[in-house]
1. Given the pairs LYS46/LYS95; LYS37/LYS95; LYS51/LYS87; LYS49/LYS95, which span a C-alpha to C-alpha distance of over 18 angstrom in this model?
2. Report the FRET efficiency, 1/(1 + (r/R0)^6), for GLN54 and LYS100, where r is their Cβ-Cβ distance and R0 is 25 Å, rounded to 0.05.
3. In whole angstrom, how far apart do the alpha carbon centroids of segment 93-121 and segment 39-66 sit?
4. For segment 54-112, which GluC sites (Glu not before Pro) are in a loop by DSSP, counting at most 16 other Cβ atoms within 10 Å?
5. Report the Stokes-Einstein translational diffusion coefficient (µm² s⁻¹, integer) for segment 56-121, Rh taken as the Kirkwood radius over Cα pairs, at 25 °C with viscosity 0.890 mPa s.
6. To two decimal places, what compactness ratio does segment 36-92 give when its Cα radius of gyration is scaled by 2.2 N^0.38 Å?
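No value in this document is a laboratory result; all are computed from the given coordinates. These numbers come from a predicted model, not from an experiment. A quick note on method: Cβ atoms are made from the backbone with ideal geometry, for glycine too, and the neighbour counts reach across all protein chains shown.
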Amino acid sequence: MYKKSLFMGVIVVALSLVLIACGGANSAPAGVSLTLKAQDIKFDLKEIKAKVNQPVNITFVNEGTIEHTFVITDLGVKETVQPGKQKVFTFTPNKAGTFKFICDVLGHTEAGMVGQLIVEP
Ligand SMILES: [Cu+2]
């Protein structure tokens with residue numbers, strides 16, 4: 001009986017070590033979720049922060065009366081949301097750096113619909 005429980009104890013310790021090892025280098029950071037509002041004519045956030053390989057989940061709400069977009073050219077992200085609607089989407093930055101996000105509807109970037117995504121290594 002004693003031997004059996006000792007054996008089980010060894011198994012539990014061994015499995016724990018495997019789990020700890022697997023949870024290390026290979027795991028992506030937990031995702032970040034945020035709400036970004038598009039208004040006429042600005043984004044309510046000027047800055048978004050994330051880490052490399054961290055999924056960024058955005059609830060993109062258009063509070064304006066015209067169409068707006070969320071575009072990060074360098075990361076291949078482009079989403080459009082109609083006035084009064086919202087859209088939930090996720091993207092995962094695969095490199096570090098500072099990336100501009102814009103609304104690419106004609107004239108909107110120039111009018112100030114621009115912000116930055118900071119991706120930390
Ligand atoms: Cu816009």
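1. Working: LYS46/LYS95 20 Å; LYS37/LYS95 25 Å; LYS51/LYS87 22 Å; LYS49/LYS95 13 Å.
Cα-Cα > 18 Å for LYS46/LYS95; LYS37/LYS95; LYS51/LYS87; rest within.
2. Numbers: r = 19 Å, r/R0 = 0.75.
Between GLN54 and LYS100 the formula returns 0.85.
3. 10
4. On the way: sites: GLU63, GLU67, GLU79, GLU110; in loops: GLU63, GLU67.
The qualifying sites are GLU63, GLU67.
5. On the way: Rh = 12.4 Å.
Taking Rh from Cα pairs, D becomes 198 µm²/s.
6. Values: Rg = 11.3 Å, N = 57, 2.2 N^0.38 = 10.2 Å.
The reported ratio for this selection is 1.11.
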